[in-house]
Amino acid sequence: MEDCCHKIKERAEDEYKSLINRLNRIEGQIKGIKRMVERNAYCTDILIQCSAVTAAINSFNKELLANHIKTCVANDIRNGNDETINELVETLQKLMK
C-alpha cells in the first residue's frame with residue numbers, strides 16, 4: 001500500500017500493540033537515563049542502562065524485521081515485485097553497520 005510517495009503498512013492489532021508496547025518501554029528507559037544524568041548518577045550505572053536500551057532497540061528491530069519479511073516482503077515476492085528483495089538487502093546492510 002502506498003501513500004503519495006511513501007510506502008505505508010496497515011498492521012494487525014496484535015503487531016501494532018506489541019511494537020507500541022516495546023517503544024513505550026524504550027521511551028521509559030530513555031527518560032530514566034535522562035533522570036540519571038540530571039541526578040549525577042555514576043557513569044557505569046548510566047552505561048549499563050544505555051546497554052539495556054540498545055538491547056531493547058535491537059529486540060524491537062528483530063520483531064519489526066521478522067514481521068516485515070513475513071508480510072511485506074513475502075507478499076511482494078508472491079506478486080512478482082522482486083525490487084523488494086533489493087530493498088531488504090539494503091535495509092539489512094544499514095542495520096548491520
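Label point of T54 set 7 angstrom out along Cα-Cβ; within the range 79-97, amide nitrogens under 13 Å from it belong to 97. With the charge dipole of the chain set up from +1 on Lys and Arg Cβ and -1 on Asp and Glu Cβ about the Cα centre, the Cα lying farthest toward the positive end among the listed residues L19, V89, C72 is that of L19. Normalising the average separation of contacting C-alpha pairs (under 8 angstrom, six or more residues apart) by the number of residues puts the relative contact order of the chain at 20 percent. Centre-to-centre separation between the Cα atoms of the range 81-97 and those of the range 23-41: 32 Å.
Separation of the alpha carbons by more than 22 angstrom is noted, of K7/K34; K31/K94; K34/K62; K9/K62; K7/K70; K9/K31, for K7/K34; K31/K94; K34/K62; K9/K31.
Values in this text are rule-based calculations from the coordinates and carry no lab data. Since the structure is predicted, the reported quantities are computational estimates derived from the model, not experimental observations. Reconstructed Cβ throughout: ideal geometry from the backbone, glycine too, with neighbour counts over all protein chains shown.
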